[in-house]
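A.B. asks: This is the structure I have questions about; it appears just below.
None of the figures in this text is laboratory data; all of them are computed from the coordinates on show. The structure displayed is predicted, hence computed values, not measured ones. Methodologically, a virtual Cβ is constructed for each residue, glycine included, from the backbone with ideal geometry; neighbour enumeration extends over all protein chains shown.
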Amino acid sequence: MLLGTTGATALVYADIEVSNAAHAGAAYAAQYYIANSNTALPSTSQVTTAVQNDAPELTGMLKSGTSFTVSMATGCNGGSATSGNTVPICGSGVLPYVQVTAQATVVPLTAFAGLPKSITMSGKATINLVN
């Protein structure tokens, strides 16, 4: 019972870390936007580095041969997101936003018959780009 509880707790922790890392990536993109006078967003590789730097303790839980996967999207509030890191052009009074999705495939600390050997966790964060 203790092993099961420990394993479940580790998976919940990993899920929270992936979500927090996605938020860190979106926050980095928003700060980059402000630092570049509202004219540029960082590359996906720069955001991936920010995501990885936010969750270094997950490295030991990642499935062998995998790493964080990060995707970016932008848009205007009230509209759908477009994949990539292009600064959106929004109408008057409409805020642009950046959305970061982070995924990581983790290996549970304990293995039980019938349970998967790895689980993919995903987190998404959206931040308005305002200065």
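A.B. asks: Compare PRO42, PRO56, PRO96 in a GNM of the chain, Cα atoms joined below 10 Å, and give the one with the largest fluctuation.
C.D. replies: PRO56
A.B. asks: Given 0.36 nm per residue, what is the gain on full extension from ASP15 to SER92 after removing their alpha carbon distance, in nm?
C.D. replies: Length difference between fully extended and current span is 24.0 nm.
A.B. asks: Something else now. So, by mean Cβ neighbours within 10 angstrom, what's the order for 86-92, 67-73 with the highest one leading?
C.D. replies: Top of the packing list down: 67-73, 86-92.
A.B. asks: So for each of 119-127, 22-30, 102-110 I average, over its residues, the number of other beta carbons within 10 Å; can you give me the resulting order with the highest mean first?
C.D. replies: Details: 119-127: 17.3, 22-30: 23.4, 102-110: 19.9.
My ranking of the peptides, most packed first, is 22-30, 102-110, 119-127.
A.B. asks: Right, next: Which whole-number percent gives the relative contact order of the chain, counting Cα pairs below 8 Å spaced six or more residues apart?
C.D. replies: Numbers: 244 pairs, mean separation 40.7, N = 131.
For the chain, the relative contact order is 31 percent.
A.B. asks: Where Lys and Arg each count +1 and Asp and Glu each count -1, what net charge lies around ALA14 among other residues with Cβ under 14 Å from its Cβ?
C.D. replies: Here the charged neighbours net out to -3.
A.B. asks: Of VAL51, VAL18, VAL94, which is the most mobile in a GNM of the chain whose springs link Cα atoms less than 10 angstrom apart?
C.D. replies: Judging by the Gaussian network model, the answer is VAL94.
A.B. asks: Reported to two decimal places, what Rg/Rh ratio describes the chain when computed on Cα atoms with Rh from the Kirkwood expression?
C.D. replies: Using only Cα positions, Rg/Rh for the chain is 1.09.
A.B. asks: Something else about it: Using a Förster radius of 41 Å, what is the FRET efficiency between THR66 and THR39 based on their Cβ-Cβ separation? Nearest 0.05, please.
C.D. replies: Step by step, r from the Cβ atoms, then E = 0.75.
A.B. asks: What FRET efficiency do you get for THR49 and THR110 if R0 is 25 Å and r is their Cβ-Cβ distance, rounded to the nearest 0.05?
C.D. replies: 0.20
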